[in-house]
Amino acid sequence: MFGPGDRVVVAAARGKAEPLDVLLLGGLPIRAPIAHYGPFVMNTREEIRQAIDDYQSGRLGTIPADQLAPRNFA
């Protein structure tokens, strides 16, 4: 958590003219239990098992190829 006087400094590499996008998120900890396995992060091992089953069964869906390209939101 940042408070008065705290700061984040972000800089691009010297000599680079490419744009730089930064997304900074923050929040208060909720102290919930965490279970993780590979890319899956849930609250319980049973939720992890369900997520893996959903993934293997194709129930998580797909991302269309045209949505994978970088985008400019500015």
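The values are calculated or read from the model by the stated rules, or taken from the named source; none is laboratory data. Quick caveat: nothing in here was measured; it's all calculated off a predicted structure. Virtual Cβ from ideal backbone geometry, glycine too; neighbours counted across all protein chains shown. Note: areas computed on protein heavy atoms with side chains; ligands, DNA, RNA excluded. Shrake-Rupley method; radii C 1.70, N 1.55, O 1.52, S 1.80 Å.
Per atom type, the chain shows carbon and sulfur on 57% of its accessible surface, probed at 1.4 Å.
Neighbours of I52, meaning other residues whose beta-carbon lies under 12 angstrom from its beta-carbon, give a summed charge of -1 when Lys and Arg score +1 and Asp and Glu score -1.
Can you give the local net charge around M42? Use residues other than it whose beta-carbon is closer than 14 angstrom to its beta-carbon, Lys and Arg +1, Asp and Glu -1. Could you put the intermediate results ahead of the total?
Numbers: positive: R45, R49; negative: E46, E47, D53, D54.
Taking every other residue near M42 into account, the sum is -2.
Go ahead and estimate [θ] at 222 nm for the chain from helices alone: -39,500 (n - 2.57) per DSSP H run with n ≥ 4, summed, over the residue count, rounded to 500.
Values: 1 runs with 12 residues, N = 74.
Calculated mean residue ellipticity at 222 nm is -5000 deg cm²/dmol.
Taking only the Cα atoms of the chain, the ratio Rg/Rh comes out at 1.10, with Rh defined as the Kirkwood radius.
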